[in-house]
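Below is one structure, written out as structure tokens; comments come after it.
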Amino acid sequence: MLTNKPKTKILVDGGDPNETLRVKNLIGFVDGQTTNPSLIAKNPEIQQLIASGHTLSPEEEKNEYKKIVQSISPLVGDAGVSIEVFADLNTTAKDMLVQGQEMFRWIPNAYIKYPCTHEGLRAAQMSVQKSIRVNMTLCFSQEQAAAVYAATKGSNSPVYVSPFVGRLDDRGEDGMDLVRNIKKMYERGDGHVHVLAASIRTINHLLCSFFLCAELATVPSKVLHEWASAGFPLPDKGFTYKGADANGKPLKPIQYKELDLNLPWENFELAHELTTKGIKKFVADYESTLRRSA
Ligand code: E4P
């Protein structure tokens, strides 16, 4: 069990309550959980339903998702459970908000995940006005994080923004730099947005998230098990992080930009190729699993 708890809150990145329970037994606590459509589609009970020849209707899909988060909800601490709305590239802010409002009622500790797109930002802006907690997902740029800050100003609970480290690494850019840059940019802010390091693939990503004082990190159970096996190391003052790809080739640094957090959120460039790709992937994973009859 972990005795020296890091300041960064630890969330399980998954879609299976039993897995969350195993991590909780291993570490001694779980601060929160993030889910997404790809992870829910991998849930063992859903997989079993599919294997038995069942095709889920949209209503059944929603109920399965609800059951899963209701089982996870009591297992986690105050970082809550993030539930992602079903959005493709044409989903409007109003539609996301309707889903978000319903999902927010599923459990007492919900955070609603909206993508860092124009419509997602609008949905988030309306959500915080209704005291719905939000987690802005698929964040790949400092501009998107600046827009999250500006769109959710005045929120009465912390807003999460989720920079996706691993997916930037995958295309040769140093994803940890994005976390570093957002943290630095927010130093001039009012503290209402918390950085949730996501798409964590390695212990090194995790240690660097601790070192950069990310408020939260969401971590696949596999990486948490590796961290436990290594004796729960924490970064020391001299910790250095060298981003490298699978072949050991250094990753391209992402430069810090001076951005004015006081500008209206619509002024920031929101488009990012990986956000678009990420939305398409969530839709494809979910559809291909759930609509397939065995
Ligand atoms: C969490 O909120 C994200 O959906 C998750 O970390 C994405 O991770 P991946 O890039 O490994 O799919």
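Computed from the alpha carbon positions, the gyration tensor of segment 68-215 leads to an equivalent ellipsoid with semi-axes of 23, 17, 15 Å, biggest first. According to the Kirkwood relation over distinct C-alpha pairs, the hydrodynamic radius of segment 56-126 is 12.6 Å. So for the chain, Kirkwood radius off the Cα pairs, Stokes-Einstein at 37 °C and 0.692 mPa s: how many µm² s⁻¹? Result for D is 170 µm²/s. Distance from the C-alpha centroid of segment 233-264 to that of segment 146-176: 13 Å, rounded to the whole angstrom. What the pair-distance distribution of segment 21-60 shows, using all Cα-Cα distances binned every 5 Å from zero, is 6, 17, 20, 20, 15, 11, 9, 3 percent.
One equal scatterer on each Cα of segment 233-280, no solvent, Debye formula: the resulting log10 I(q)/I(0) at q = 0.17 Å⁻¹ is -0.93. Compactness of segment 125-204 was expressed as the Cα radius of gyration divided by 2.2 N^0.38 Å, which yields 1.09.
In debye, nearest 20: dipole of the chain around its Cα centre with unit charges on the Cβ of K, R (+) and D, E (-)?
In debye, rounded to 20, the chain gives about 420.
Applying a threshold of 23 Å to the alpha-carbon distances of K7/K237; K94/K130; K130/K183 flags K130/K183 as lying beyond it.
Heavy-atom accessible area, probed at 1.4 angstrom with all protein chains present, ranks T240, T3, T20 as T3, T240, T20, highest first. Restricting the calculation to alpha carbons of segment 1-147 gives Rg and Dmax of 15.9, 47 angstrom. The accessible-area ordering, largest first, of the residues D245, D190, D31 stands as D190, D245, D31, per a 1.4 angstrom probe. For segment 171-264, with all protein chains in place and a probe radius of 1.4 Å, 54% of the accessible heavy-atom surface sits on carbon or sulfur.
By its C-alpha gyration tensor, with a ≥ b ≥ c as the square roots of the eigenvalues, how is segment 202-294 shaped: rounded for a/c under 1.5, else prolate for a/b larger than b/c, else oblate? The shape class here is oblate. DSSP beta bridges confined to the chain are antiparallel in about 5 percent of cases. At R0 = 25 Å, how high is the FRET efficiency between D190 and D78 if r is their beta carbon distance? Nearest 0.05 is fine. About 0.80, to the nearest 0.05. Over the chain, accessible surface divided per residue gives 44 Å², non-protein components excluded, 1.4 Å probe.
Only helices enter the 222 nm calculation for the chain: every DSSP H run of n ≥ 4 contributes -39,500 (n - 2.57), and dividing by all residues gives -13000 deg cm²/dmol, rounded to 500.
The residues packed around G77, meaning those with a beta-carbon under 9 Å from its beta-carbon, carry a net charge of -1 if Lys and Arg are +1 and Asp and Glu are -1. Across segment 167-235, Cα-Cα distances exceeding 20 Å account for 30% of all pairs.
The values are calculated or read from the model by the stated rules, or taken from the named source; none is laboratory data. These numbers were taken from a predicted model, which means no experiment stands behind them. Quick reminder, even Gly has a Cβ in these numbers, built from the backbone with ideal geometry, and neighbours come from all protein chains shown. Please note that ligands, DNA and RNA were not included when accessible areas were found on the heavy atoms of the full protein model with its side chains. Shrake-Rupley method; radii C 1.70, N 1.55, O 1.52, S 1.80 Å.
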